[in-house]
Amino acid sequence: MRAQTGIELSPGVAGPGLHLSHGKVVISAIAKIGSNCKILSDVTIGGQGRYDRHGAPQIGDSVFIGSGAKIIGNITIADDCVIGANAVVTKSITEPGTTWAGNPARKVSDTGSYHYLHRE
């Protein structure tokens, strides 16, 4: 699938309702993505070590990940979070319904993903 779409996604990694935008998206074969998540272009979700020996990210349900974000390491992202464009996340985000941005990512809002996932 990568050669045609620029998206690397192994079977069984993502829950139902995953929406992938256009552009390059790389997701580790051992990462886990919850249901109803939206991932925009140029996103990397993966482990830190060669072949992800030390684990890979576990993304909760209803998470929105902006363009260019990097989520790296054996970390967890809570449900209903927003990861801003070009954010670099290397530590777990355990507070659901929050927005994170920057390098390194830090909490910038107590607003979650609802409006990003349910635009009309």
Radius of gyration and Dmax for the chain's Cα atoms, expressed in Å? 12.9, 42
Restricting to bridges with both residues inside the chain, how much of the DSSP beta-bridge set is antiparallel, in percent to the nearest 5? 10 percent
Distance in nm between label sites at LYS91 and SER109, each 7 Å beyond Cα in the beta-carbon direction? 2.2 nm
Amide H of ILE59: which non-local residues (sequence gap of 5 or more, or other chain) have their own amide H closer than 5 Å, using H built in the peptide plane? LYS32, ILE33, GLY34, ILE77
Sorted peptide list for 88-94, 55-61, criterion being average Cβ within 10 angstrom, highest first: 55-61, 88-94
Carbon and sulfur atoms: what percent of the 1.4 Å accessible area of region 26-77 do they account for? 48 percent
Hey, can you grab everything whose amide H is under 5 Å from the amide H of VAL108? Only 5+ residues off in sequence or another chain; H modelled, so Pro and N-termini drop out. THR99, TRP100, ALA101
If packing is taken as the average number of other Cβ atoms within 10 Å across a peptide's residues, how do 23-33, 77-87 rank, most packed first? 77-87, 23-33
Through the Karplus equation 6.51 cos²θ - 1.76 cosθ + 1.60, θ set to phi - 60°, convert the phi angles of region 18-32 into ³J(HN,Hα) values in whole Hz; use x for Gly and Pro. 5, 10, 10, 6, 6, x, 6, 9, 10, 10, 3, 5, 10, 6, 10
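Please give the per residue accessible area of the chain, computed with a probe of 1.4 Å over protein heavy atoms only, in Å². Walk me through the intermediate numbers first.
Numbers: 6570 Å² over 120 residues.
Using a 1.4 Å probe on heavy atoms only, each residue of the chain averages 55 Å².
Can you tally the net charge around ASN86? Count Lys and Arg as +1, Asp and Glu as -1, for every other residue whose Cβ sits under 11 Å from the Cβ of ASN86.
So the surrounding residues net to 0.
The values are calculated or read from the model by the stated rules, or taken from the named source; none is laboratory data. All figures in this text were calculated on a predicted structure; none of them were measured in a lab. Using ideal geometry, Cβ is built from the backbone for each residue, glycine included, and neighbour counts are taken over all protein chains shown. Only protein heavy atoms, including side chains, enter the accessible area calculation; ligands, DNA and RNA are left aside. Shrake-Rupley method; radii C 1.70, N 1.55, O 1.52, S 1.80 Å.
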